[in-house]
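Enquirer: Here it is: the structure, laid out below.
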Amino acid sequence: MSTPRQLGFHFPAEWAPQSAVWLSWPSNPALWLECFDRVGPKFAEFAAAISRHEPVHINCAAHLQALARSQLNEARADLSVITLHNHPTNDVWCRDHGPLFVKNETTGEVALTDWQFRGWGGKFDAALDNEVPRLVSEALNLRRFAFDFELEGGAVETNGAGQLLATEAVLNNPNRNAGRDDSAFQDALREGLGVSQILWLGDGLANDDTDGHIDNLARFFKADGIVAAVEHNPTLPNYRPTQENLARLRALRTPTGGTFDIVELPLPAPIRYAGRDLPPSYANFLIINDAVLVPVFAQDGDDRALGILRELFPKRKVSGIDCRILLIEGGALHCLSQQQPA
């Protein structure tokens, strides 16, 4: 069978036009440290913010749909552009268990790639989550390209110009690559996502259940520009990995051979909850049509981070959403969502 790349598909940059954003409704109280009653309203707030710019599709088991509609209504979501799909999930992190969409710019066809999701290297039950790309393909009647390799959407970031940014800490982790042919895996990335080059960073943030997803560390904001989360306090655990990644970013080359425009984004102050250190990052923002939604944490650094991102996205409305409750399970806005290209 021909690969997406051979057929002319590629993985679009997040700032490309979108037809919708996909989410997965909260379904497992056991994961939220007795805070589950606060998660649904926060999730609805996020969905409502997206709905003011573009349609939203939500994977939501049938028995949760009445509650979902009620909470979306309370959040003043535009229910006319929200569709609930009876797709049961184990968890909310649609970036990782949802499909990675690809597009053929010549024909206009949008398809999806379906990779194996095993709960970040087998840490959590993911049997239901792993079925989501197939269900989405059937719901949208889109062509699906399935791959046997384990891959989460939050582990890869693209500039839409043939380059993929990822961390060694995730893609080369022993819990992801046991028995794997690394060359075959990288070939699958290139062929499946229509990219020509993989750009590597090292370690991720401390206390990240994903082992170090790129979407907490470094994000393209244009084809030759990357905004990078950086810690400047040498006493904190994220100082070394973010400084080393910053040096790597400065050594990378753009598709035309130049250096990337690297913009530093400060990390939030450390957050600890219920005896656990959490991994907050302003880099976990979501770009949607005409807007950028940014995680904030009721800290002094929130305004600075929003200001930096407003300079990088001057034609989009950049706004913050308090993500302290979401961070209890380790993620924020980008982790929750998966964009579908137009």
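Every read-out reported here was derived from the displayed coordinates using simple, explicitly stated rules and does not represent laboratory data. Quick caveat: nothing in here was measured; it's all calculated off a predicted structure. Positions of Cβ are generated from backbone atoms using ideal geometry, with glycine treated the same way; all protein chains shown enter the neighbour counts.
Enquirer: What residue among Asn238, Asn207, Val292 has its Cα farthest toward the positive end of the dipole of the chain, where the charges are +1 on Lys, Arg and -1 on Asp, Glu, each on the Cβ?
Expert: The residue sitting most towards the positive pole is Val292.
Enquirer: Take Asp277, Asp114 and order them by how many other Cβ atoms sit within 10 Å, fewest up front.
Expert: Values: Asp277 11, Asp114 21.
Ordered by Cβ neighbours within 10 Å, fewest first: Asp277, Asp114.
Enquirer: Still on this structure, please answer the following. Which ³J(HN,Hα) values in Hz, rounded to whole numbers, follow from the phi angles of region 313-325 under the Karplus curve 6.51 cos²θ - 1.76 cosθ + 1.60, where θ = phi - 60° and Gly and Pro get x?
Expert: In residue order, the calculated couplings are 10, x, 9, 10, 7, 9, 9, x, 10, 4, 10, 4, 5 Hz.
Enquirer: Each residue of region 38-48 in order: what ³J(HN,Hα) in whole Hz does its phi give by Karplus 6.51 cos²θ - 1.76 cosθ + 1.60, θ = phi - 60°, with x for Gly and Pro?
Expert: 9, 6, x, x, 5, 4, 5, 4, 5, 4, 5
Enquirer: For region 31-168, what is the relative contact order in percent, using Cα pairs closer than 8 Å and at least 6 residues apart in sequence? Please list the in-between numbers first.
Expert: Details: 193 pairs, mean separation 27.1, N = 138.
After rounding, I find 20 percent.
Enquirer: Could you put Ser27, Ser196 in order, starting from the residue whose Cβ has the fewest other Cβ atoms within 10 Å? Each step should come with its number before you reach the end.
Expert: On the way: Ser27 20, Ser196 12.
Fewest-to-most ranking of Ser27, Ser196: Ser196, Ser27.
Enquirer: While we're looking at this one, here's another question. In debye, nearest 20, what is the charge dipole magnitude of the chain about its Cα centre with +1 on Lys and Arg Cβ and -1 on Asp and Glu Cβ, if you could check?
Expert: Numbers: 30 positive and 43 negative charges, 114 e Å.
Roughly 540 debye, rounded to the nearest 20.
Enquirer: Can you tell me the length gained on complete extension of the stretch His232 to Asp322, counting 0.36 nm per residue apart and subtracting the Cα distance? Kindly include the intermediate steps, with their values, before the conclusion.
Expert: Working: separation 90, 0.36 × 90 = 32.40 nm, distance 2.33 nm.
30.1 nm is the gain from fully extending His232 to Asp322.
Enquirer: Applying the Karplus parametrisation 6.51 cos²θ - 1.76 cosθ + 1.60 with θ = phi - 60° to the phi angles of region 271-279, what ³J(HN,Hα) value in whole Hz is obtained for each residue in order, glycine and proline being reported as x?
Expert: The phi angles translate into 10, 10, 9, 6, x, 10, 7, 10, x Hz.
Enquirer: Rounded if a/c is under 1.5, else prolate if a/b beats b/c, else oblate: with a ≥ b ≥ c from the C-alpha gyration tensor eigenvalues square-rooted, which is region 215-342? Walk me through the numbers before you get to the answer.
Expert: Values: a/c = 1.81, a/b = 1.17, b/c = 1.55.
Oblate, since a/c reaches 1.5 and b/c is not below a/b.
Enquirer: What lysines could a cross-link reach from Lys123, if we take a straight Cα to Cα line under 26 Å and drop same-chain neighbours fewer than 8 places away?
Expert: Of all the lysines, those that pass the test against Lys123 - Cα under 26 Å, at least 8 places apart if same chain - are Lys42.
Enquirer: Might you report the magnitude of the Cβ-based charge dipole of region 160-301 about its Cα centre, with Lys and Arg at +1 and Asp and Glu at -1, to the nearest 20 debye?
Expert: Working: 11 positive and 18 negative charges, 24 e Å.
With only Lys, Arg, Asp and Glu charged at Cβ, the dipole is about 120 debye.
Enquirer: Here is a follow-up. Applying 1/(1 + (r/R0)^6) with R0 = 51 Å to the Cβ-Cβ distance of Asn104 and Glu34, what FRET efficiency is obtained, to the nearest 0.05?
Expert: Efficiency at R0 = 51 Å is approximately 0.60.
Enquirer: For a paramagnetic label modelled at 7 Å from the Cα of Glu138 toward its Cβ, which residues of region 69-108 fall within the zone defined by backbone nitrogen distances under 11 Å?
Expert: 86-88
Enquirer: Let me know the shape class of region 233-282, please: from the alpha-carbon gyration tensor, a ≥ b ≥ c as square roots of the eigenvalues, rounded when a/c is under 1.5, otherwise prolate if a/b is greater than b/c, or oblate.
Expert: Numbers: a/c = 3.54, a/b = 2.66, b/c = 1.33.
It is prolate, given that a/c is not under 1.5 and a/b is the larger ratio.
Enquirer: How high is the relative contact order of region 9-341, in percent, with contacts defined as C-alpha pairs under 8 Å that are six or more residues apart? Spell out each step's value before the answer.
Expert: Details: 704 pairs, mean separation 65.5, N = 333.
Across region 9-341, relative contact order equals 20 percent.
Enquirer: Give me the dipole magnitude in Debye, nearest 20, for region 1-144 about the Cα centre, with unit charges on the beta carbon: positive for Lys and Arg, negative for Asp and Glu.
Expert: On the way: 13 positive and 16 negative charges, 37 e Å.
Value, rounded to 20: 180 debye.
Enquirer: Now, a different point. Taking amide hydrogens as modeled 1.01 Å from N in the peptide plane, which residues meet the under 5 Å criterion relative to Ile288, leaving out close sequence neighbours?
Expert: When sequence neighbours closer than 5 places are left aside, the close amide H contacts are Leu293.
Enquirer: List the residues, sorted by chain then number, that are 5 or more residues from Ile82 or on another chain and whose placed amide H is less than 5 Å from its amide H.
Expert: Val56
Enquirer: Something else now. Decide, for region 75-194, between rounded, prolate and oblate: order the square roots of the alpha carbon gyration tensor eigenvalues as a ≥ b ≥ c, take rounded if a/c falls under 1.5, and otherwise choose prolate if a/b is larger than b/c, else oblate. Walk me through the numbers before you get to the answer.
Expert: Working: a/c = 1.85, a/b = 1.26, b/c = 1.46.
The shape class here is oblate.
Enquirer: How about Lys315: which lysines have a C-alpha closer than 19 Å to its C-alpha, ignoring those fewer than 8 places off in the same chain?
Expert: Lys222
Enquirer: Would you look at the GNM of the chain, springs on alpha carbons closer than 10 Å, and say which of Lys123, Lys42, Lys103 moves the most?
Expert: Among Lys123, Lys42, Lys103, the largest GNM mean-square fluctuation belongs to Lys123.
Enquirer: Further question on the same structure: I need the trypsin sites (Lys or Arg not before Pro) found in region 174-263, filtered to DSSP loop residues with at most 11 other beta carbons within 10 Å of theirs. Write down the numbers at each step before the final one.
Expert: Working: sites: Arg176, Arg180, Arg190, Arg219, Lys222, Arg248, Arg250, Arg253; in loops: Arg180.
Listed in order of number, the matching sites amount to none.
Enquirer: Grab the beta carbon distance between Ile198 and Arg52, set R0 = 41 Å, and tell me the FRET efficiency rounded to 0.05.
Expert: Working: r = 35 Å, r/R0 = 0.86.
Computed FRET efficiency for Ile198 and Arg52: 0.70.
Enquirer: Separate question: Can you tell me what share of the DSSP beta bridges in region 9-341 is antiparallel? A percent to the nearest 5 is fine. Walk me through the numbers before you get to the answer.
Expert: Working: 23 of 52 bridges.
Among the beta bridges of region 9-341, antiparallel pairing accounts for roughly 45 percent.
Enquirer: Can you tell me which aspartates and glutamates have their Cα less than 13 Å from the Cα of Lys317? Leave out same-chain residues fewer than eight positions away.
Expert: Asp290
Enquirer: Follow-up. Using 0.36 nm times the number of residues separating Ala342 and Asn86, minus their current alpha carbon distance, what extension gain do you get?
Expert: That pair, Ala342 and Asn86, stretches by 89.9 nm at full extension.
Enquirer: Also, quick follow-up: Measure off 7 Å from each Cα along the Cα-to-Cβ vector at Leu79 and Gln6, then give the distance between these two points in nanometres to one decimal.
Expert: 4.8 nm
Enquirer: Go through Ile82, Cys323, Gly275 and say which Cα lies farthest out towards the positive end of the charge dipole of region 9-341; charges sit on Cβ, +1 for Lys and Arg, -1 for Asp and Glu.
Expert: Ile82
Enquirer: Stretched out fully, how many nm does the piece from Ala62 to Lys315 gain, at 0.36 nm a residue minus the Cα gap?
Expert: Values: separation 253, 0.36 × 253 = 91.08 nm, distance 3.84 nm.
Extra length from Ala62 to Lys315 when fully extended: 87.2 nm.
Enquirer: So if we plug the beta-carbon distance of Asp187 and Asn207 into 1/(1 + (r/R0)^6) with R0 = 41 Å, what FRET efficiency do we get, rounded to 0.05? Don't jump to the answer; show the numbers that get you there.
Expert: Working: r = 33 Å, r/R0 = 0.80.
Computed FRET efficiency for Asp187 and Asn207 comes out at 0.80.
Enquirer: List the residues, sorted by chain then number, that are 5 or more residues from Phe101 or on another chain and whose placed amide H is less than 5 Å from its amide H.
Expert: Correct list: Thr113.
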